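The values are calculated or read from the model by the stated rules, or taken from the named source; none is laboratory data. Keep in mind that what you see is a predicted model, and the values were worked out from it rather than measured. Neighbour counts are summed over all protein chains in view; Cβ atoms, including those assigned to glycine, are modelled from backbone coordinates with ideal geometry. In case anyone asks, the SASA skips ligands and DNA or RNA and just uses the protein heavy atoms, side chains included. Shrake-Rupley method; radii C 1.70, N 1.55, O 1.52, S 1.80 Å.
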Amino acid sequence: MIQKLYEDHFLEIDALLTKESKRLKLSPNEVVVLKTLFQNYKRRTFSILSISRKIELSSNDIGKAVDKLINKGFLNLNLETRNEKEVEVFDLTGTFKKITELYESDLEQIKQEKNESKISTTIEMLEQHLGKALSSMELEIIRSWYDESLYTHESIISKIEELGPSGRFSIKFLERNLNREKLKSNPIDEKADQVIDAIFKAI
């Protein structure tokens, strides 16, 4: 996706590399070399001499930066035949992958933080209705609902409000009803439905 955005001119890669250089663990020289390579992204022809003409780094420093970029997985060099001649070309797919992984990690962190808030709300409501602190096993069950995206937070809260006042309320009873609700919204074949009903009755 990041690569597609760049190739369609929706992403300013220079600004992004500058902003995220520390988190990507790139040195100043590595960032400068990467940016210079991106300037030649379509041609992809690799030449230390060509890079040195565009930036104020020695060929030796450029070579060291290139080696580190390769070792870190940001850059790959290959030979390609053009007009019956072998030409060294570069591939920046690794850079797009690194940036994607960085932002996916950010999104996962945001999701986890939101889940923690929702889990706290759910636990508080359950303990109020049950009149006791939840056991470690019960806490693990509730966490799995969110970590594995088994049910939406809205459906969990709705079911707690609906079933909480009943005299036989429990975590298992709540989970059983959440499963029934989920099956209703995602119909399956009749035979499988009968099997699941038998399992619920056995619980």
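Remarks
- When the Cα positions of GLN109, VAL31, LEU163 are compared along the charge dipole of the chain, VAL31 comes out farthest toward the positive end, with charges on each C-beta of Lys, Arg, Asp and Glu.
- Kirkwood hydrodynamic radius of segment 1-64, from inverse mean 1/r over distinct Cα pairs, in Å: 12.6 Å
- Here the accessible area of segment 1-129 is 49 percent carbon and sulfur, with a 1.4 angstrom probe and all protein chains present.
- The P(r) of the chain has a tail past 26 Å containing 57 percent of all C-alpha pairs.
- Accessible area per residue for segment 5-158, computed on protein heavy atoms with a 1.4 Å probe, is 62 Å².
- Residue-averaged [θ]222 nm for the chain, counting only DSSP H segments that reach four residues, each worth -39500 (n - 2.57): -21000 deg cm²/dmol
- The magnitude of the dipole of the chain, with charges of +1 and -1 set on the Cβ of Lys/Arg and Asp/Glu and taken from the Cα centre, is near 420 debye.
- Spatial separation of Cα centroids for segment 15-71 and segment 153-186, in angstrom: 56 Å
- Cα-derived Rg to Rh of segment 116-158, Kirkwood definition: 0.93
- For LEU24, no residue has an amide H sitting under 5 Å from its own, ignoring neighbours fewer than 5 places away on the same chain, with H placed 1.01 Å from N.
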